[in-house]
Amino acid sequence: MSLLPATDTRPAETKRVARSRAGASSRPVQLSTRGHRWLPWLGALLPLTLLALWQYLSLTGVFSAVQLPAPSRVVAAALDLLGRGQLGIHIAISTQRVLLGFTIGALLGLALGAWVGLSRWANLLAAPTIGALRAVPSLAWVPLLLLWIGIGENSKVTLIAIGAFFPVYTTVSAALAHVDPKLVEAARTFGIRGLGLFTTVQLPAVLPAVVSGLRLALAQAWLFLVAAELLGASMGLGFLLTDSQNNGRTDRLLLAIVLLAILGKLTDLALGAFERWVKVRFPSN
Amino acid sequence: MSALTLKHTLTACDINFSGIAKSFAGERGAVHTVLEGVSFTAYPGEIISIIGSSGCGKSTLLRVAAGLEAASAGEVTIDGAAVRGLDSRVAIGFQEPRLLPWRSIAKNVALGLPKGTPKDDARQHVDALLRLVGLGDYAAHRPREISGGMAQRASLARALARNPGVLLLDEPFGALDALTRIKMQDLLLDIHAQDPATILLVTHDVEEALYLSDRVIVLGTSDPHSPATITRTVEVPGHRPRDRGDLDLALLRKELLAELGVEEH
Ligand SMILES: Nc1ncnc2c1ncn2[C@@H]1O[C@H](COP(=O)(O)OP(=O)(O)OP(=O)(O)O)[C@@H](O)[C@H]1O
Ligand SMILES: [Mg+2]
């Protein structure tokens, strides 16, 4: 006896789905943006308007050149700093600090978040303490960091790591605690345990939340970078901010702000693309 | 012959319930006793259906048998050894499909394979199972891209992949249309004829219970607030494959429906 049907004896419901799938793509079409290719560029409208307004206000003399230098002056300041070889250094050192601090903080957040989220004991033991530390406004750490680690790179990277740690820790521990217990149970009945259970069920289930946490952490990292560099740095975009303020170089000050916006947005775009990929690859339903 | 010949076929086990009770902690320290004094034995290769009204504790009984829930009293033994915690001789098809959303249907079914199945065997076996349950064309789909009934069949295939000594199925055909349901019932019987596991099958459908099983166990209570126990055990006459139009079965069906509180006209 053969259990395999020779003719198409597939259940009616299967055939129906097979038919309806024949012509259609399996991804839902985003009707709202179809045929409107320019829609994604709508987000550029506001910055361009602001730029125009800025140029207008500085040209008509509503603000003095010290209060609000024209965009062209900011571009000139950028070229000037570039010519002296300083712009690249400011950008590089700031980016390096952010990436280093973010990586360290995110890794620690992943590890501790996984520990607290997976182990009930760890949760009871450590979650209240970490929660209390999280309640400390992060800038309150600065004096301690300066005292313990000194004014060099390490204290800055540490502060950024602190900023990046908490969003990751919080999202990872919360997401792990909320993985569908029915899925975990099903996997366990099929003999999957321990690390295998983590990689087959828990990790894929929380990945989208983890990446969202990473995005938040990255934003925090840029925030804390400026805080770190405002307090005793000799390079970096935060330093450029304070230094320009002291010298009355509003053009450079604006330049630093624009650069922070651009760098923050670029790194966020990269993580955002990763997030979209993860959400498609590891759907939660 | 069949595409479903397995190298490590587990022989069917007997499973014995003796005096099983199950209580849950209710609100404010109250104790909610769901099952009490459930005793029966399923012999190797036997198919037993468990019927009873919604909420009477059918799923709970299967969960106790699978070691997912500890009995409050009594003991479940499989081939004489008590069930304590998850048991590798048991496979369970849950009432809900419980497929991992990020895995393809084939990879979900592969989850059920016994540990250490060689890669090539695994792929062939999963393919065969998928074709059997009519999902051959859906191996690469994600669970959200298939219908509820298809997901239920995938979940059945996953439980079958284990090739267990005891197969626990919780309303495996509940979400299927009448035609598919009949096909899947016959499929289950084919597989069972070839690889006879001991099967405990929970169902709402009296007709299905009579068509598939050697015995039908009715869980019920005298009044709605007392725990459920076995109120009736029916030996189904004749041998499989049965005639769906059999007169004896029709009479039994009427009796069982009356037992469940449904009067037919
Ligand atoms: N984990 C639990 N905690 C508390 N009560 C529970 C739990 N699991 C089940 N129950 C209770 O046990 C009773 C039986 O539930 P069970 O799921 O076994 O019913 P069932 O017979 O399978 O019903 P259905 O046919 O609707 O699936 C219900 O009253 C339910 O509220
Ligand atoms: Mg149930």
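The values are calculated or read from the model by the stated rules, or taken from the named source; none is laboratory data. The model shown is predicted, which means the values in this text are computed figures rather than measured ones. No Cβ is skipped: glycine too gets one built from the backbone with ideal geometry, and neighbour counts run over all protein chains shown.
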Completion exercise
Flagged in segment B:99-119 as under 22 Å from residue B:190 (Cβ atoms) and within 11 Å of another protein chain (Cβ to nearest Cβ), in numbering order, are B:109, B:110, B:112, B:113, B:114
Exercise for the section: Go through (1) away from ligand 1 (no atom under 16 Å from the Cβ); (2) surrounded by 23 or more Cβ atoms within 10 Å (Cβ to Cβ); (3) not hydroxyl-bearing (Ser, Thr, Tyr); (4) not in a loop (DSSP other than H, G, I, E, B) and name the single condition residue B:112 misses. Expected result: (4)
Handout entry: Of all residues in segment B:142-153 being surrounded by fewer than 24 Cβ atoms within 10 Å (Cβ to Cβ) and within 20 Å of residue A:284 (Cβ to Cβ), the one that is farthest from the other protein chains (Cβ to nearest Cβ)
Key = B:151
Exercise for the section: Starting from residues that are away from ligand 2 (no atom under 16 Å from the Cβ) and in a loop (DSSP other than H, G, I, E, B), keep the ones in segment B:35-52 and report whichever is farthest from the other protein chains (Cβ to nearest Cβ). Expected result: B:43
Problem - Residue pairs meeting the criteria (Cβ under 8 Å; at least 6 apart or on separate chains; first at the interface with chain B (Cβ under 10 Å from one of its Cβ atoms), in segment A:199-218; second among the acidic types (Asp, Glu) and surrounded by fewer than 21 Cβ atoms within 10 Å (Cβ to Cβ)) - result: A:205/A:180; A:208/A:275
Problem - segment B:161-171 - residue that is closer than 19 Å to residue B:77 by Cα and within 16 Å of ligand 1 (Cβ to nearest atom) and, of those, surrounded by the fewest Cβ atoms within 10 Å (Cβ to Cβ) - result: B:169
Exercise for the section: Could you please let me know if residue B:123 is within 10 Å of chain A (Cβ to nearest Cβ) and not β-branched (Val, Ile, Thr)? Expected result: no
Handout entry: Failed condition for residue A:234, given (1) closer than 30 Å to residue B:107 by Cβ; (2) in a loop (DSSP other than H, G, I, E, B)
Key = (1)
Fill in the blank from the handout: The number of residues in segment B:91-114 that are over 29 Å from residue A:278 (Cβ atoms) and out of contact with any helix residue (DSSP H, G or I) (no Cβ under 7 Å at 6 or more places or on another chain) is 1
Completion exercise
The residue from B:131, B:158 that alone is crowded, with 18+ Cβ neighbours inside 10 Å, modelled with pLDDT of 95 or more, in a helix (DSSP H, G or I) and of a type in the set (D, E, K, R) is B:158
Practice task
Would you be able to tell me the number of residues in segment B:1-34 that are modelled with pLDDT of 85 or more, in a loop (DSSP other than H, G, I, E, B) and buried (at least 16 other Cβ atoms within 10 Å of the Cβ)?
Solution key: 3
Problem - For residue B:99: the one exception among (1) surrounded by fewer than 22 Cβ atoms within 10 Å (Cβ to Cβ); (2) modelled with pLDDT of 95 or more; (3) more than 21 Å from residue B:49 (Cα to Cα) - result: (1)
Completion exercise
Of those in segment B:53-67 that are away from every other protein chain (no Cβ under 14 Å) and crowded, with 23+ Cβ neighbours inside 10 Å, the residue nearest to ligand 2 (Cβ to nearest atom) is B:58
Exercise for the section: Go through the residues of segment A:228-240 one by one and say whether even a single one is touching a Ser or Thr at 6+ places or on another chain (Cβ under 6 Å) and not small (Gly, Ala, Ser). Expected result: yes
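Considering only residues of segment B:22-31 that are of a type outside the set (Val, Ile, Thr) and more than 16 Å from ligand 2 (Cβ to nearest atom), which is nearest to residue B:67 (Cα to Cα)? Write out each step before concluding.
As a first pass, look at segment B:22-31 and keep what is of a type outside the set (Val, Ile, Thr): B:22-30.
Right, trim to more than 16 Å from ligand 2 (Cβ to nearest atom) and you get B:23, B:25-30.
Details: B:23: 15, B:25: 19, B:26: 21, B:27: 25, B:28: 27, B:29: 25, B:30: 24 Å.
So the residue we want is B:23.
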Fill in the blank from the handout: When segment B:189-205 is checked residue by residue, the ones that are outside any strand (DSSP E or B), away from ligand 2 (no atom under 16 Å from the Cβ) and touching a helix residue (DSSP H, G or I) at 6+ places or on another chain (Cβ under 7 Å) are B:189, B:191
Fill in the blank from the handout: Note: among B:156, B:219, just one is within 16 Å of ligand 2 (Cβ to nearest atom), away from chain A (no Cβ under 12 Å), touching a helix residue (DSSP H, G or I) at 6+ places or on another chain (Cβ under 8 Å) and within 30 Å of residue B:118 (Cβ to Cβ), namely B:156
Handout entry: Close pairs (6 angstrom Cβ cut-off, 6 or more residues apart or separate chains): within 12 Å of ligand 1 (Cβ to nearest atom) in segment B:203-227, assigned to a helix (DSSP H, G or I) and of a type outside the set (D, E, K, R) anywhere
Key = B:203/B:209
Problem - Complete set of residues in segment B:55-89 that are more than 13 Å from ligand 1 (Cβ to nearest atom) and among the β-branched types (Val, Ile, Thr) - result: B:76, B:77, B:78, B:83
Fill in the blank from the handout: Of the residues in segment B:172-183 that are within 16 Å of ligand 2 (Cβ to nearest atom) and over 21 Å from residue B:128 (Cα atoms), the one that is surrounded by the fewest Cβ atoms within 10 Å (Cβ to Cβ) is B:174
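Name the residues in segment B:219-246 that are within 19 Å of residue B:34 (Cβ to Cβ) and either at pLDDT below 90 or assigned to a loop (DSSP other than H, G, I, E, B) (or both), would you?
Matches in segment B:219-246: B:221, B:222, B:223, B:224, B:225, B:226, B:227.
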Completion exercise
Those residues of segment A:116-130 that are without any contact (Cβ under 8 Å) to a residue 24 or more places away in the chain and either in contact with a helix residue (DSSP H, G or I) (Cβ under 9 Å, 6 or more places away or on another chain) or basic (Lys, Arg) (or both) come to a total of 5
Practice task
State which residue pairs qualify: first residue outside any helix (DSSP H, G or I) and inside segment B:161-175, second residue of a type in the set (Asp, Glu) and within 12 Å of ligand 2 (Cβ to nearest atom) in any location, beta carbons under 9 Å apart, and separation of 6 or more residues or different chains.
Solution key: B:170/B:96
Exercise for the section: Go over the candidates B:122, B:139 one by one and state the one that is of a type in the set (A, V, I, L, M), over 22 Å from residue B:185 (Cα atoms) and surrounded by fewer than 21 Cβ atoms within 10 Å (Cβ to Cβ). Expected result: B:122
